[in-house]
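**Student:** Have a look at this one.
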Amino acid sequence: MSKLSRGLSFGRSASLHRGVGLEDDDGGEVRTVAPATSVGEGKREGSSVGGEIVVTELTMDLIDGYVKCHNDGFGSKVCCLCCPVATNQGDTLRYYTENPDRLQFCGVAVRKSDPLTPLGQVQIAPFPLQDKNSLHKVKPGETYVEEISVSAGARGLGIGTKLLQWAEDTARKAGSNHMTLGVLNGNPAQRLYERVGYRVIECDDAIEKCCACFFVTLFVGRPYGLCDPHWGAVDMRKDLP
């Protein structure tokens, strides 16, 4: 793949990787050995979300709640400066009806007391599956985090950390030895990724950096594009023990 092609692919995938609502996540360190599909979460003062929170696979009966959670997390964000990132129930239902094998790789966080109301979601693509948006080429041994978001009313409860734990556990079961994701420079979610063990994949190629910056500007514009001192995006990786 040429430097130009790599830069364009890198810029597009990082621009559209969705790490939303994770800036207030305070779930602590990831426990990479113990399964992370059932995690106790005490109710916090001033929060509308309490009780035990579990992360489970997406099922067709959760599609409606999943779509609401997704759109609540992304709010008014747009792609290509004009296209809403929000999805709709019909398109999502159609996609998973045609691709039922992808359901097991989408995790949703719910309260045990309210299992039909997702509070957050994460989508991954373990090799040989590929990114559903065709923006990232998943390689052998890799699991790519396509998107992750937490509903506005459920932030600050450590749900983002729990979703990443579930993603890692699922990736191991799929035979992966490392995780990757792309994140915009300036996105507060990067702090969470670093805290749980992700590290920036250094890129010293100026051409690739410029191409990535161009596509970040094209897809999401300010403040993440050329007008921001933190211009561009980075790929991140975490090895799985």
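**Student:** Being on the phi > 0 side of the Ramachandran plot, within 15 Å of the chain's Cα centre (by Cα) and among the small types (Gly, Ala, Ser): is that true of Gly141 here? Break it down stepwise before answering.
**Tutor:** Values: on the phi > 0 side of the Ramachandran plot: yes; within 15 Å of the chain's Cα centre (by Cα): no; among the small types (Gly, Ala, Ser): yes.
Criteria not met by Gly141.
**Student:** Go through region 120-161 residue by residue and tally those that are at pLDDT below 95, surrounded by fewer than 24 Cβ atoms within 10 Å (Cβ to Cβ) and acidic (Asp, Glu).
**Tutor:** The number of residues fulfilling the criteria is 2.
**Student:** Check whether at least one residue in region 56-65 is part of a strand (DSSP E or B), modelled with pLDDT of 85 or more and out of contact with any Gly (no Cβ under 6 Å at 6 or more places or on another chain), and report yes or no.
**Tutor:** Of the residues in region 56-65, the ones part of a strand (DSSP E or B) are 56-57.
Filter once more, so that each one left must be modelled with pLDDT of 85 or more: 56-57.
This time we only want the ones that are out of contact with any Gly (no Cβ under 6 Å at 6 or more places or on another chain), so: 56-57.
Yes.
**Student:** Applying the selection to region 170-190, what residues are crowded, with 21+ Cβ neighbours inside 10 Å and within 10 Å of Leu240 (Cβ to Cβ)?
**Tutor:** Ala171, Ser176, Met179
**Student:** While we're looking at this one, here's another question. Do we have any residue at all in region 142-152 that's out of contact with any Leu (no Cβ under 9 Å at 6 or more places or on another chain) and more than 19 Å from Gln121 (Cα to Cα)? Explain how you work it out, then say what you get.
**Tutor:** So in region 142-152, the residues out of contact with any Leu (no Cβ under 9 Å at 6 or more places or on another chain) come out as 142, 152.
Filter once more, keeping what is more than 19 Å from Gln121 (Cα to Cα): 142.
Within region 142-152, one or more residues are out of contact with any Leu (no Cβ under 9 Å at 6 or more places or on another chain) and more than 19 Å from Gln121 (Cα to Cα).
**Student:** Quick check on Lys112: is it closer than 16 Å to Leu58 by Cα, basic (Lys, Arg) and under 15 Å from the mean Cα position of the chain (by Cα)? Steps first, please.
**Tutor:** Numbers: closer than 16 Å to Leu58 by Cα: yes; basic (Lys, Arg): yes; under 15 Å from the mean Cα position of the chain (by Cα): no.
Taking the combined requirement at face value, the residue does not satisfy it.
**Student:** When the residues of region 154-174 are filtered to those that are of a type in the set (A, V, I, L, M, F, W, C) and either without any contact (Cβ under 8 Å) to a residue 12 or more places away in the chain or part of a helix (DSSP H, G or I) (or both), which remaining residue is farthest from Phe105 (Cα to Cα)?
**Tutor:** Filtering region 154-174 for residues of a type in the set (A, V, I, L, M, F, W, C) gives 154, 157, 159, 163-164, 166-167, 171, 174.
Filter once more, keeping what is either without any contact (Cβ under 8 Å) to a residue 12 or more places away in the chain or part of a helix (DSSP H, G or I) (or both): 154, 159, 163-164, 166-167, 171.
Values: Ala154: 22, Ile159: 17, Leu163: 11, Leu164: 12, Trp166: 10, Ala167: 8, Ala171: 9 Å.
Among those residues, the one meeting the criterion is Ala154.
**Student:** Pull up region 68-111, narrow it to residues that are in a helix (DSSP H, G or I) and charged (D, E, K, R), then point me to the one that is modelled with the lowest pLDDT. Explain how you work it out, then say what you get.
**Tutor:** Start the filter on region 68-111 by keeping residues that are in a helix (DSSP H, G or I), which leaves 68-74, 89-98, 100-105.
Narrowing the set further to residues that are charged (D, E, K, R) leaves 68, 72, 91, 94, 98, 101-102.
Working: Lys68: 86, Asp72: 79, Asp91: 86, Arg94: 91, Glu98: 94, Asp101: 94, Arg102: 95.
Only one residue fits best here, namely Asp72.
**Student:** Among the residues of region 175-201, how many are in a loop (DSSP other than H, G, I, E, B) and touching a residue at least 60 places away in the same chain (Cβ under 8 Å)? Give the derivation first.
**Tutor:** Taking region 175-201 as the starting set, the residues that turn out to be in a loop (DSSP other than H, G, I, E, B) are 175-177, 185-188, 196-198, 201.
After this cut, where a residue has to be touching a residue at least 60 places away in the same chain (Cβ under 8 Å) as well, the list is 176-177, 187-188, 196-197.
Number satisfying all stated conditions: 6.
The values are calculated or read from the model by the stated rules, or taken from the named source; none is laboratory data. Quick caveat: nothing in here was measured; it's all calculated off a predicted structure. Backbone-built Cβ (ideal geometry, glycine too); neighbour counts: all protein chains shown.
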